[in-house]
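Bear in mind these aren't lab numbers, they're just calculated from the coordinates by the rules spelled out. Just so we're clear, the structure is a prediction, and the values are computed from it rather than from any experiment. FYI the Cβ positions are ideal-geometry reconstructions off the backbone, even for glycines, and counts take in every protein chain you see.
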Amino acid sequence: MTLSIVPLAEGKTQLILPHTVIQQAKDDITADDGKKHDLLSGKAVWSTTTSCNNFGFLRTHGIPVAFLEKISPTSFSALYCDMLPYEVVARREVQGKNFPLRRPDLKVGDRFDEPLIEFFLKTSNRRWKDNSLPCDDPLMRFDDEDGFIHLFVPNKPEVEPFLSLSYDEVFIHDNERELIEKMRVLTRDVFLLLEGAWGKLEFNLADFKIEFGIDAFGKLRVADVIDNDSGRLMYKGKHASKELYREDKGLDEVAAKFAFVAEQSTLLKSLR
């Protein structure tokens with residue numbers, strides 16, 4: 001049996017086995033596209049706990065997840081997936097810095113009647129294949145009539161795309177446009193399930209991002225992690241997620257909130 005270690009973004013690693021991976025968390029915490037970086041002692045344990053409990057809850061409600069089981073305080077096993085190059089974001093509430101800059105018609109705290117679902121192209125070093133980009137992870141808009149994907153800087157109003165790529169320049173799979181719509185529906189379902197569950201614990205899920213992959217048998221699955229880095233959880237109106245770190249709160253305060261969210265996530269089991 002041949003094993004290999006594959007590094008992932010945000011300080012995570014995967015140990016690849018036949019059709020499975022072991023996802024190992026670390027104590028790194030970052031913001032501002034990696035410009036801000038610290039070690040938060042205990043974060044790997046809290047993030048793993050939160051992810052496993054979120055995934056376990058979703059699985060009991062029929063969501064196809066890659067997650068299999070927690071195997072240590074800082075790691076879990078999952079089905080190996082061919083990851084799709086998208087971050088899919090669901091928003092119930094206007095929060096953060098980038099989105100209000102893109103939508104100056106809205107203000108922080110405004111809420112959507114239905115979750116707003118958006119796609120972002122996962123890139124690194126401001127490049128997509130042979131194309132140089134003004135930013136990483138640009139917002140995607142799909143034009144089915146012309147067969148193009150228009151890319152926008154996430155923190156600027158959507159006036160003109162900075163680049164338009166044909167579907168062939170982005171898509172890997174023949175049915176990828178169909179997969180996009182499946183991801184859109186699944187993202188909405190996942191958000192509503194987690195929003196309802198965390199709401200029973202007095203939390204408000206303002207937004208989150210999830211990622212998808214295709215397993216060895218061709219099934220689309222929610223993969224990667226869903227931890228306290230992945231979205232903005234608010235407890236009784238105050239941030240309880242990585243947003244505190246983005247806002248330059250002290251590491252002790254950030255740690256306390258991560259630990260609290262991890263502890264509360266164990267209660268999701270009682271909501272199944």
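Here are the numbers for the structure shown:
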{"quantity": "Mean separation of Cα contacts under 8 Å (6+ apart) over length of region 123-228, as relative contact order %", "calculated": "11 percent"}
{"quantity": "Cα-Cα over 19 Å, subset of Lys70/Lys122; Lys35/Lys129; Lys26/Lys242; Lys129/Lys242; Lys129/Lys219", "calculated": "Lys70/Lys122; Lys35/Lys129; Lys129/Lys242; Lys129/Lys219"}
{"quantity": "Dimensionless Rg/Rh of region 174-220 - Kirkwood Rh, Rg from C-alpha atoms", "calculated": "1.10"}
{"quantity": "Listed residues Asp38, Asp27, Asp215, most fluctuating in the chain (Gaussian network, C-alpha, under 10 Å)", "calculated": "Asp38"}
{"quantity": "Normalised contact order of region 194-252, rounded percent, pairs of Cα under 8 Å and 6 or more residues apart", "calculated": "28 percent"}
{"quantity": "R0 of 35 Å, Cβ-Cβ distance Ser164-Arg272: FRET efficiency to nearest 0.05", "calculated": "0.20"}
{"quantity": "Contour excess over end-to-end distance, with Cα ends at Lys200 and Asp248 and 0.36 nm allotted per residue", "calculated": "14.4 nm"}
{"quantity": "Glu69 versus Met83: modelled label distance in nm, points set 7 Å from Cα along the beta carbon direction", "calculated": "2.5 nm"}
{"quantity": "Cα centroid separation - region 172-227 against region 44-81, whole Å", "calculated": "13 Å"}
{"quantity": "Protection proxy ranking, peptides 170-179, 118-127, 73-82, average beta carbon neighbours within 10 Å, highest first", "calculated": "73-82, 118-127, 170-179"}
{"quantity": "Approximate shape of region 54-106 as ellipsoid semi-axes (Cα gyration tensor, √5λ), whole Å, largest first", "calculated": "31, 14, 12"}
{"quantity": "Rg to Rh quotient for region 53-185, alpha carbon positions, Kirkwood Rh", "calculated": "1.00"}
{"quantity": "Percent RCO, i.e. relative contact order, over the chain, from Cα pairs under 8 Å lying at least 6 residues apart", "calculated": "21 percent"}
{"quantity": "Reachable aspartates and glutamates, given that their alpha-carbon falls under 18 Å from the alpha-carbon of Lys36 and they are not under 8 places away in the same chain", "calculated": "Glu10, Asp27, Asp28, Asp136, Asp137, Asp229, Glu243, Glu247, Asp248, Asp252, Glu253"}
{"quantity": "Reciprocal of mean inverse Cα separation for the chain (Kirkwood radius, Å)", "calculated": "19.3 Å"}
{"quantity": "Cα gyration tensor, region 158-263 - rounded (a/c under 1.5), prolate or oblate", "calculated": "prolate"}
